[in-house]
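The values are calculated or read from the model by the stated rules, or taken from the named source; none is laboratory data. For clarity, every value in this text was computed on a predicted model and none was experimentally measured. Because the Cβ atoms are built from the backbone with ideal geometry, glycine has one as well, and the counts that use them run over all protein chains shown. Side chains included, ligands, DNA and RNA excluded: accessible areas come from the protein's heavy atoms. Shrake-Rupley method; radii C 1.70, N 1.55, O 1.52, S 1.80 Å.
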Amino acid sequence: MKKNLQDIPLKSFMLSLFNENKKILTKNDSPVISELRKSAITNFEKLGFPSQKLEEWKNTNLNNALLKNYDCILSPEKDDVDIDKIFRCKVNNFETYLFTTLNGWYVYKKSQLTTLPSGTIVGSLAKAMEVYPEIFEKHYGKYADIKKNGLNALNTAFAQDGIFIYVPDGVEVSKPIQIVNIINTEKNILSQPRNLIILGKNSKLTLIHCDDSITNNDSLINSVNEFFIDENATLDYYKLQNKDENSTIITTSYFFQNQDSNLTSNTIALNGGIIRNNSHVYLNGQNCNANVYGLYLMDRKQHIDNHVFIDHAKPNCFSNEVFKGIIDDEASAVFNGHILVRRNAQKTNALQSNKNILLTDSAKVNTKPFLEIYADDVKCSHGATVGQLDTEAMFYIQSRGICEKNARILLMYAFAAEVVNNISLKNLRERIDTMVVKRLKGELTICDQCVLHCKDDIHIYFDIDLSKI
Amino acid sequence: MLIIKNLKVSIKGKEIIKGLNLEVKPGEVHAIMGPNGTGKSTLANVIAGKDIYDITDGEIIYKGKNLFEMSVVDRAREGIFLGFQYPVEIPGVTITNFLRSAVDEQRKYKGLEALPASEFLEMMEKKKKLVDIKSDLTNRSVNEGFSGGEKKRNEIFQMAMLEPTLSILDETDSGLDIDALKIVANGVNKLKAKDNATVLITHYQRLLDYIIPDFVHVLYEGRIVKSGGKELAMELEEKGYNWIKKELEQ
């Protein structure tokens, strides 16, 4: 019998958890945030967790993940945590400002908020709410929809910490900022990080966002990111997902763009149990550019679902979506791209493409490119392909003496290159390139992560060693 | 080196090659000519090991071994090279990386160590000159966005790099202007040696102005119907394929 997800135990567990811990959850709230939280929990009560009955969730089944028991860590485990005992940072050739969250909580050395030389503020979302209420409240919760989206509502009700970034007007952040979200606990954890990233006018930021796990316990991560990109600002955003098979990651990102702003978002998923990425882009001014790229390499029983919604609300904007995936074994993938061109958004130029390679008969892809156009002077294109490796190309490569296995890797690598080559940071591109090759060779396991190398139980090493490439 | 005996090949139940015999010895250049659709490319693909065909009869002996027992990859490693009529584009993989993999794998098969990067690059430079390839071409993805001439030159460049014993060049002259044709022919001539052999598959006699074959064979309806020296090509050019057809009808 099918369980009605509206009534799954996790829902009532979360509702009572909220009621029992209201004090803890709301202790830093301003009246505005407090109100938002209240309406969020009410909405969650109405909406619940998404089921496959919803069109948006037709092809992704969360049942198994939702039927597990989870703990929520409602307070940071220790305020005086000695960061060096947990993290050690080893970055070669590729310098970033590195910030981390552990089990959803911001990890800080000295201060919960850091001001970079340029005036950019990076740090704990909880602290930012307290220290910068004006700027915080101007953007927080303004882009993420909690009326129709139950998971967003749940996140908003429980959101306590995450990363806050504010780049003031005219500032170009000299080095990329890197956020690493780590799950490291013996418990089965439900974590709901919330990130708020604000780019002022004419500012520029490169942000690298990694999801990693140390332990292999069941985890459910429901994160919400809100990005505000003001006039003529440029955001380069890279999301790397390399998680264990027991994890379910749901990431919902909202990109709100004002006129003349530029967004490049690149989501690269190499491993994970169930991954669902929602990207919503609002082109809220003229002459915006939005490039939304994605690459997913799934095998075994992994599942990934990329939903992209681009709202061309104003004229003269350009958007380009390219998502490519290679699906092996019994893995499955979903792509759902929705471009909305509103009535007055004339001279819109929107491109959308999703290409997939299935390596086995049991691998699955569901792809749905979708254009909804109300303006009459626009240029839009969409396309989706699902295929196998080209036999003609396989023959060509093998006829040069390259063995079948390497010929396959070469072709898969070539297929992925279209997305990888879009990474404008050379060092990062080379790093990801190597990871893709390793992944395709079957050498990238969860213990050989993109940025993390577990040496023992206590230490976690960040090893971005580009000198080896 | 290569002995083909009574080869019969069909695809999807349709017989394409209907009892073909051919012997190629080291140091020789053979030209196989014939009108379209007579099985020229099929013959080339069968030798290289493309697996979409049914071999219904006959055998191919290469260096004393049964070719049909060897995989595509092993045939290549044993020195068979096919210059494609339509080279395949591999976006994202540079010619340098592609050839590095190929050369390394072939060396490994022969029990040789991988070439150090510097020696490999040196070798590339040398061979590039042979086929007059611009140096930036090798940094581009294999055949991606190449002109017809560049693709064919890249085939000959790969042949130069892989140093095969038996090269089969399938319509390497098609789509080339006269300058490109000369460069390609020049490359083939320079690579000619007493212990390797070349089979040129061509539609026109034109290529044979620049590469002088030792033998010319006419392939018609799946069989070699006429063989001769280079003068046969001249005769074909003059009289056309209808001459052969008429002769056969008589």
Quiz item: In this structure, does A:His280 turn out to be modelled with pLDDT of 95 or more and within 15 Å of the chain's Cα centre (by Cα)?
Solution: yes
Quiz item: Among the residues of segment A:408-424, is there at least one that is away from every other protein chain (no Cβ under 14 Å), surrounded by fewer than 17 Cβ atoms within 10 Å (Cβ to Cβ) and modelled with pLDDT under 90?
Solution: yes
Exercise. Report, ordered by the first and then the second residue, all pairs with beta carbons closer than 8 Å, sequence separation of six or more or different chains, a first member in segment A:44-67 that is farther than 12 Å from A:Asn149 by Cβ, and a second member that is basic (Lys, Arg) and open to solvent by 10 Å² or more (accessible area, probe 1.4 Å).
Key: A:Gln52/A:Lys58; A:Asn63/A:Lys3; A:Leu67/A:Lys3
Exercise. For segment B:73-92, indicate whether the set of residues that are of a type in the set (Ser, Thr, Tyr) and modelled with pLDDT under 90 is non-empty.
Key: no
Practice problem: Can you give me the number of residues within segment B:119-164 that are over 20 Å from B:Gly92 (Cβ atoms), modelled with pLDDT of 90 or more and either assigned to a loop (DSSP other than H, G, I, E, B) or among the small types (Gly, Ala, Ser) (or both)? | Solution: 3
Self-check item: Filtered residues of segment A:34-56 (kept if more than 24 Å from the chain's Cα centre (by Cα) and more than 30 Å from A:Phe335 (Cβ to Cβ))
Solution: A:Ser34, A:Glu35, A:Lys38, A:Ser39, A:Thr42, A:Glu45
Quiz item: Looking at (1) crowded, with 23+ Cβ neighbours inside 10 Å; (2) under 20 Å from A:Ile165 (Cβ atoms); (3) touching a helix residue (DSSP H, G or I) at 6+ places or on another chain (Cβ under 7 Å), can you tell me which one A:Gln257 breaks?
Solution: (3)
Quiz item: Do you know which of the residues in segment A:17-28 that are modelled with pLDDT under 90 and assigned to a loop (DSSP other than H, G, I, E, B) is least open to solvent (accessible area, probe 1.4 Å)?
Solution: A:Asn28
Practice problem: Give the residues of segment B:211-250 that are in a strand (DSSP E or B) and either touching a residue at least 60 places away in the same chain (Cβ under 8 Å) or surrounded by 20 or more Cβ atoms within 10 Å (Cβ to Cβ) (or both), sorted by residue number. | Solution: B:Phe215, B:Val216, B:His217, B:Val218, B:Leu219, B:Tyr220, B:Arg223, B:Ile224
Quiz item: Given the conditions (1) assigned to a helix (DSSP H, G or I); (2) more than 14 Å from chain B (Cβ to nearest Cβ), which single one is not true for A:Met394?
Solution: (2)
Quiz prompt | Only one of B:Val103, B:Val93, B:Val73 that is within 12 Å of chain A (Cβ to nearest Cβ) and part of a strand (DSSP E or B) | solution = B:Val93
Quiz item: Of the residues that make up segment A:381-390, is at least one within 14 Å of chain B (Cβ to nearest Cβ), within 30 Å of B:Asn45 (Cα to Cα) and either in contact (Cβ under 8 Å) with a residue 12 or more places away in the chain or not hydroxyl-bearing (Ser, Thr, Tyr) (or both)?
Solution: yes
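Within segment B:106-118, which residues are in a loop (DSSP other than H, G, I, E, B), loosely packed, with under 14 Cβ neighbours inside 10 Å and more than 11 Å from chain A (Cβ to nearest Cβ)?
Let us first name the residues in segment B:106-118 that are in a loop (DSSP other than H, G, I, E, B), namely B:110-116.
Within this subset, residues satisfying the condition of being loosely packed, with under 14 Cβ neighbours inside 10 Å are B:110-114, B:116.
Answer for segment B:106-118, where residues must be in a loop (DSSP other than H, G, I, E, B), loosely packed, with under 14 Cβ neighbours inside 10 Å and more than 11 Å from chain A (Cβ to nearest Cβ): B:Gly111, B:Leu112, B:Glu113, B:Ala114, B:Pro116.
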